[in-house]
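Down below is the structure, laid out as structure tokens.
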Amino acid sequence: MSMPFYVAPEQMMKDRADYARKGIARGRSLVSLSYEDGVLMCAENPSQTLHKVSEIYDRIAFAGVGKYNEFDQLRIAGVRHADLKGFTYSREDVEARSLANSYAQMLGQTFTHEMKPMEVEILVVEISDEPGAEQMFHILYDGTVMDEQQVVVLGGDSEAISDRVRSGYSDGMSARDALELARSALAGDDRTLADGDLEVAMLDRTLGRRAFRRVVDTDIVNL
């Protein structure tokens with residue numbers, strides 16, 4: 001009888017992490033930043049139908065980078081989770097924090113027990129009536145949750161893009177300034193991104209209960 005092939009647990013976890021990071025880095029990046037009326041999310045995404053940013057609930061949005069079919073499964077699970085909790089209790093009981101914890105458990109379980117980890121990074125954003133009280137939960141492929149403030153960058157060359165965004169960011173920016181900053185940070189010094197190359201969405205507290213708004217190409221021009 002042959003002995004089974006042995007791999008040290010530390011090496012197995014490292015290989016899975018490297019695999020997931022490489023898959024995520026190959027994708028296009030996404031920037032989320034606070035502005036005066038809420039949170040703006042801008043992604044490099046020329047597709048008009050496959051969205052990286054979507055509404056989860058009244059004041060909660062979801063964003064994902066990496067493998068589309070995997071983060072879209074997570075989006076659908078989040079919508080069902082939020083709808084069930086809101087129906088069972090009340091709409092006010094649906095929180096980004098509990099949703100982020102559920103996502104973290106799902107990703108951590110897959111990373112630890114499945115052969116292939118999910119090649120995704122996701123972001124759960126919630127706004128409140130008070131400026132500066134936004135919640136941004138950045139969840140990694142292994143289930144790690146990070147509570148971010150003001151600026152979050154997912155996927156691609158995230159470190160360089162984050163440096164460009166933070167160097168030009170200031171509190172109380174207008175939506176126009178936030179969009180221009182996100183566009184220039186995603187493009188870098190050697191490219192120019194047209195309106196059709198961007199997917200833009202907002203959580204705007206001035207819109208009332210349904211705060212999510214998807215910005216189409218014509219509205220991007222107006223901004």
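The values are calculated or read from the model by the stated rules, or taken from the named source; none is laboratory data. All values reported here derive from a predicted model rather than from experimental measurement. Neighbour counts are summed over all protein chains in view; Cβ atoms, including those assigned to glycine, are modelled from backbone coordinates with ideal geometry.
A few points about this structure:
- Residue list for the range 149-186, filter: of a type outside the set (S, T, N, Q) and without any contact (Cβ under 8 Å) to a residue 24 or more places away in the chain: Glu159, Asp163, Arg166, Gly168, Glu180
- Verdict on Leu186 being outside any helix (DSSP H, G or I), under 21 Å from Arg26 (Cα atoms) and in contact with a strand residue (DSSP E or B) (Cβ under 7 Å, 6 or more places away or on another chain): no
- Of all residues making up the range 101-146, the number that are in contact (Cβ under 8 Å) with a residue 12 or more places away in the chain, closer than 23 Å to Ala211 by Cβ and of a type outside the set (D, E, K, R): 17
- Checking the stated criteria, Ala82 turns out not to satisfy the condition of being closer than 28 Å to Ala187 by Cα, buried (at least 19 other Cβ atoms within 10 Å of the Cβ) and either among the charged types (D, E, K, R) or touching a Phe, Trp or Tyr at 6+ places or on another chain (Cβ under 8 Å) (or both).
- Number of the exception - Val215 against (1) of a type outside the set (Phe, Trp, Tyr); (2) surrounded by 12 or more Cβ atoms within 10 Å (Cβ to Cβ); (3) at pLDDT 90 or above: (3)
- In the range 46-59, the residues that are touching an Asp or Glu at 6+ places or on another chain (Cβ under 8 Å), crowded, with 20+ Cβ neighbours inside 10 Å and either among the acidic types (Asp, Glu) or over 12 Å from Ala201 (Cα atoms) (or both): Tyr57, Arg59
- Check on Glu180, within 21 Å of the chain's Cα centre (by Cα), surrounded by fewer than 17 Cβ atoms within 10 Å (Cβ to Cβ), in a helix (DSSP H, G or I) and at pLDDT 90 or above: yes
- The set of residues in the range 60-73 being surrounded by 20 or more Cβ atoms within 10 Å (Cβ to Cβ) and either touching a helix residue (DSSP H, G or I) at 6+ places or on another chain (Cβ under 8 Å) or aromatic (Phe, Trp, Tyr) (or both) consists of Ile60, Phe62, Gly64, Val65, Gly66, Phe71.
- Residues of the range 69-88 include at least one that is under 12 Å from the mean Cα position of the chain (by Cα), modelled with pLDDT under 95 and aromatic (Phe, Trp, Tyr).
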